[in-house]
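J.: Dropping a structure here in C-alpha cells format, bear with me for questions.
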C-alpha cells in the first residue's frame, strides 16, 4: 500500500529521475502554475474542522520505517495538509499579513531549491553573495538615500555591511539590538567588550545597574524576546502607554531620563514604523531627536510599514526613519515575497563589525562571506526573491500597490463609520485598522454611563466581538483577526477589536462589504447581542 | 527594453495570471523538472570568473524605477545569477555540506510558496502547526526513544514543546542555550528570573562571577556566536584542546571543576555529534556523566551527524545523545532537505517554557501557536519538506544513504592512504575526512626533523595545500574545501588540510579518483612543490 522499494537503486532514482508528467505531484504543480486561486479553492476545505481533528492526522511520532511512493505521499499531502491549510490568497482573508503572491514566485521557488545555495559563505553561494549585498544596498538606499560614491565604497566591501538578511523581523530586531548592545558596551583600553567579556562584566566595568530599551506598548512581542535573548531582561524593556497608539516623544524623553537617573544606561529607543496591531507610525523624526538628546541608539521597527517608502505619496509618514541607526524591514510582508525574508539595515556600514566573527574553515578574515556578520549561519537564497520582486515590480509598481492598500483601508474605515452598529476604533495610517461590532443603542449608552459601568458593559461587548470573530472564522468564508487595545474613547482599559490588514491586492470593495454584512448577521444572531440589548441601565437611559 | 507597463491592471496580472507556457520562466521550470543535472551543467559556467567580475552585475544600489518583464528578468537571472552559482549537485563538489537533493523537493518548493503559511500561529498555518509538531516528535523519538504514552501526552500539548523548528543549526544552538540559561538562572521566591531581570541581576542574585559553556576546540563557530548573543561572552566559552579531535571527558571534568571553583557557574557542556571540520563525534555518553557530575546542562550539537541515528549500523557512534538535555539537528544537511530546516530538540517537554512568551493578538495563553517558544517569529512551512522526506525516504531509506556515505568516506580514506604523495590527516568517523597533498619524500623528512624545523617545513606544505585547493576550485571541475587543524602527528600547531564531505549520493569512486588525480597534477606543477623538493635539510636527510 504505497510502500516503495528499499534499495539504493530506488533512492538514486529519487535523486536523479523526475516524477512522470502524469504523476500526482506533477498534477499538483500544473494546477498551481495554471491557476493557484482555483487550486486553493478546490483543495482547501472551508467547512469547520476542529484543530483536534486535524491533529489526528499528525499524531504518530514514529519515523516511518519504509519509503512511501511519491504519488501516494502527494495524495496524502492534499488530503491532510493542503485541505486544512489557510487560504492566504483569498481576498476575504484580511486578518493577517500574508496574502496572495505574484505568480513568478512559484517558479522562482523551484529555482531556489534547485540551486540550493548556502549564503553563509561565498564558496557555496558565489553569485548569491553579491546579489544579497545588492538587495541590502537597494533597501538601504530606499531608507537612507546616500549618494552613489557611498554605495560604490560599501556595497561589496569585505569590511562593511549595509545590513543583515535574515529569516524574519524577529531575527532582524534581535540583530539590530545585538549590534547596538555590543557597540554601547564595546571594548576600551581596560575592557575586552561585552561580546567577549559578557554582560555582567560589562555592567561592572561601565558602572551601570541595567541596560534598557524604550518603546511604546504597541512594540512587537519580538522586542521583549530580543531583550530576553540578549540578557538585558524583559523588565528592562520600558514600554510606555500610548492612548493615541503612538509613542509620545515628550514622555519618551522624560521616562528615558528617569531611567538613566536610576543608574541605568539607555541602550535604545525603538520607533515603530507601522505597529502590528493598528498600523500606526511613531513620530520618528521627533524620536530621533529624543534618542540624540539621551545619547542612545535609535532603532526603527518597520517590519510591516517599511515598504511605504516606495510610495512618493505616503513615504512622508515615515519621516525621520533615515535618522535611525538601524531599521527592520520584512520583504515577506508588504513586498509580497514568500515567508522568510527579513532585513536589518544599518545606517553606518561599520556598525555590523560589532558582531563580526570568524572561523578557520570559512568566514576567514578579509573574506566577503555574509555569515561573518549575521546571526544565522547557513541560510538559503531568499534574497533572490526580493531581488526579482524589486526588478519585476519596480519602485513604481510597489508604489501603486502601497497606495491602493492604504486607500482601500480608508474606504473600509468610511464604510464602517457609515454603519450604525459598528465602531471604528483606530483609523488607518497605513493599511491596518481596527473596529468592533456594537449595537448603536449600546454605543450611545456607553458614552453616557459612568466609567465603571461602561467598563463592565464593554467587557460584554468584548465577548460579542470574540464570538463573532470565531464564528466568522469557523464559517470559512472570511477571516479577520482580533486583538485587545486601549482606545482613546474608553480610557485606560483595553477592549477587544477586530483587526484588519488590507494587504491582498485581490481584495475589493465588494469583498469588504460582504465581510461587514456577514459580521453583522452573525452578531445579530448571537446571544450576547440579545443580552446587550436587554441591558437594564441602557434601557433606562434610552427611555429617559 | 524589457520595461513593463506601470498600471494596477498590469500588476494584478502578475498576481493572477501565470506566465505563458512558452515563456522563459516556464522553460526554466521545465528544464529543472526534466533534468536538473543537465540544467545546472548547461547554465552554471565552470570557467573562472573572479568575484569582482560577478560583483559588476550586482553593483547598482538603486531600486529599479520601472517594472521589468518577467521573461526579460528570467533571462537576466540565468546570465547573471545561475551562471555564477555553485553547482551543488555536481558529484565532484565534495567540499561542503550541501549536495544534490531528491527531485520531489522541486515540486514541494512550489507548493510551499503557493500555500505560504506562517507557522508562528495556528490562524495562519492550521494544519502546518500539527505537522511541525509531528516532525519534531518524530525527530525527538529518533533521539530519545520515549514510549507511545509520552508522545500521546506531549506531541500536541499546548503547554509543552518537544523542540523548536528553526532556520538552521545556529538558531537551534542559540535556542538550546537560551532555554538552558533561563532555566539555570530561573525565578525563585526573591528573584524574577533572568528572562525578566536580565543577566547582570541574575549573577548578583545567584552570587556568580560568570556563566560558562564548555566544549572542544572543534565546537562550531555558532557556539561563540551564541554566548555572545546571550550575553555570556565569548571568553566564557571554554574551548579545550583536542589533539585526538574529540573532547576528553577527564579534561572536561577537570576544567569544568576549575571553572566552577573560580566563583563561576557552568551552564552547559556541549558534545559534538559530528564536528563540521572532521566529522568526529565526542564521547557523548561519558560527557553526559561529566555534565551530571558538574550539575550542568548537556547539549549535543548534532547538526551534521544527527541523521546517523537513522542507521542501525552506525547509530551507536552517537551513544549517549539520548542523555542530552537538548540536541541540534539540521535536516538540510544529511537529511537532504533544502536549506532552512534546523531543529532544537528538548528531552524534557517542559523546558521550552523557560522561553515562553505571549502577545495580545497571537500566542495567547493556552494557544498551540508554535511561535510561543521559538526564537524566530514568522516562519515558513519548511517542516513540510522534512515531513515529506521522512515519509518518502523513510528510516530504512535514510539508513542506506547514511551507510553508503560513511562507507564511501572509508573507501576514499583507503585510496588516500595508498597514494604516497598524500597524507590522511583525520580518518572518517562519519562521512567527513581531512587529508593533504605532500611529496612522499617530504613526509619522510618531516618525521625525522626536529619539531621546530618540521613546523617551518609544514608551513610550506600549508602553502602548497592552499594553492592546490584554490587552483582546483578555479579550474571548475571539482571542489574540496580546506581548513586548519592540529593533527596528532605534528603536535600542537595547526596544519592546513583538504576537507571533504561525502554527502552527495551521486558521487562515486570514479569521481573520487579523478579528484585525487587532479590534485596531484596541480600540486606537481606548483612552484611550492619544487621548492619543497629542493629543501636542503630534506636533501641532506635523504642522502644520509
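J.: Assuming R0 = 35 Å, what is the FRET efficiency of residue B:62 and residue A:51, from their Cβ-Cβ distance, to the nearest 0.05? Working shown, then result.
T.: Details: r = 47 Å, r/R0 = 1.34.
Efficiency, from the Cβ-Cβ distance: 0.15.
J.: Sticking with this one: With no solvent and one point per C-alpha, what does the Debye sum give as log10 I(q)/I(0) for segment A:76-128 at q = 0.17, 0.21, 0.23 Å⁻¹?
T.: These q points yield log10 I(q)/I(0) values of -0.79, -0.90, -0.94.
J.: Give me a single rounded figure for A:368-378: the average over its residues of other chain Cβ atoms within 10 Å of their Cβ. Don't skip to the answer; put the middle values down first.
T.: On the way: counts 2, 0, 0, 4, 1, 0, 2, 10, 12, 16, 17.
That average works out to 6.
J.: Also, I was wondering about something else. Considering the rotation that carries chain A onto chain B, locate the chain A residue whose Cβ comes closest to its axis and report the distance in whole Å.
T.: Closest Cβ on chain A to the axis mapping it onto B, in Å: A:231, 1.
J.: Still on this model: How much of the DSSP bridge set in the protein assembly as shown is antiparallel, in percent, rounded to the nearest 5? Please list the in-between numbers first.
T.: Numbers: 52 of 86 bridges.
Within the protein assembly as shown, antiparallel bridges account for around 60 percent of the total.
J.: Just for the Cα atoms in segment A:1-85, what are the lengths along the principal axes, largest first, rounded to whole Å?
T.: 43, 35, 18
J.: Next up: Given the Cα atoms of the protein assembly as shown, and with Rh set as the inverse mean 1/r over their pairs in the Kirkwood sense, what is Rg to Rh to two decimals?
T.: On the way: Rg = 29.3 Å, Rh = 30.1 Å.
With Rg and the Kirkwood Rh in hand, the quotient comes to 0.97.
J.: Still on this model: What order do you get for B:147-154, B:237-244 when each peptide is scored by the mean count of other beta carbon atoms within 10 Å, highest first? Before the final figure, lay out each step's value.
T.: Values: B:147-154: 13.6, B:237-244: 16.9.
In descending order of packing, they fall as B:237-244, B:147-154.
J.: Report, for residue B:62, each distance to the same residue's label point in the other copies, shortest first and in nm; define the point 7 Å along Cα→Cβ.
T.: 6.4
J.: Still on this structure, I have one more. If you restrict to DSSP beta bridges whose two residues both lie in chain B, what percentage is antiparallel, to the nearest 5?
T.: Just about 60 percent of them are antiparallel.
J.: Per-residue mean of other chain beta-carbon atoms within 10 angstrom of the beta-carbon, peptide B:269-277?
T.: Details: counts 0, 0, 0, 0, 0, 0, 0, 5, 3.
Other-chain Cβ atoms within 10 Å of each residue's Cβ, averaged: 1.
J.: Something else about it: Looking at segment A:115-396 only, what percent of DSSP beta bridges run antiparallel? Nearest 5 please.
T.: Values: 11 of 27 bridges.
Within segment A:115-396, antiparallel bridges account for around 40 percent of the total.
J.: Same structure, new question: Using a 10 Å cut-off around each Cβ of peptide A:160-169, what is the average number of partner chain Cβ atoms that fall inside? Working shown, then result.
T.: Details: counts 0, 0, 1, 0, 0, 0, 3, 12, 8, 3.
Mean inter-chain Cβ contacts per residue within 10 Å come to 3.
J.: Could you work out the relative contact order of segment A:153-297, using alpha carbon pairs under 8 angstrom and six or more residues apart, expressed as a whole percent?
T.: Details: 198 pairs, mean separation 30.4, N = 145.
Reported relative contact order: 21 percent.
J.: I've got another one for you. Using just the alpha carbons, could you tell me how many Å³ per residue the convex hull of chain B encloses?
T.: Numbers: hull volume 101.2 nm³, N = 544.
Once divided by residue count, the hull of chain B is 186 Å³.
J.: Which whole-number percent gives the relative contact order of segment B:270-415, counting Cα pairs below 8 Å spaced six or more residues apart? Each step should come with its number before you reach the end.
T.: Details: 204 pairs, mean separation 29.4, N = 146.
Contact order relative to length: 20 percent.
J.: Follow-up. May I ask you to order B:121-131, B:245-255 by the average number of other C-beta atoms within 10 Å around their residues, highest value first? Walk me through the intermediate numbers first.
T.: Details: B:121-131: 25.7, B:245-255: 19.7.
In descending order of packing, they fall as B:121-131, B:245-255.
J.: Let me ask you something else. Would you please state the base-10 log of I(q)/I(0) at q = 0.31 1/Å for segment B:306-356, with intensities from the Debye formula using one equal scatterer on every alpha carbon?
T.: -1.12
J.: Here's a follow-up. Kirkwood hydrodynamic radius, segment B:404-543, all distinct C-alpha pairs: what's the number in Å? Could the numbers behind the result be given before it?
T.: Working: mean 1/r = 0.0651 Å⁻¹.
The answer is 15.4 Å.
J.: Another one. Taking one equal scatterer on every alpha-carbon of segment A:155-226, how large is log10 of I(q)/I(0) by Debye at q = 0.14, 0.19, 0.20 1/Å?
T.: -0.58, -0.92, -0.97
J.: Quick one: with label points 7 Å out along Cα→Cβ, list the inter-copy distances for residue A:148 in nm, shortest first?
T.: 7.2
J.: Taking a label point 7 Å from Cα toward Cβ, how far is residue A:414 from its twins in the other copies, in nm, shortest first?
T.: Here residue A:414 shows inter-copy label distances of 8.0 nm.
J.: Below 8 Å between Cα atoms, with a sequence gap of 6+, how large is the relative contact order for chain A in percent?
T.: Values: 935 pairs, mean separation 94.1, N = 544.
Relative contact order of chain A: 17 percent.
Just so you know, all these numbers are worked out from the coordinates, no wet-lab data involved. All figures in this text were calculated on a predicted structure; none of them were measured in a lab. When we count neighbours, we look across all protein chains shown, and the Cβ atoms used for this are built from the backbone with ideal geometry, even at glycine.
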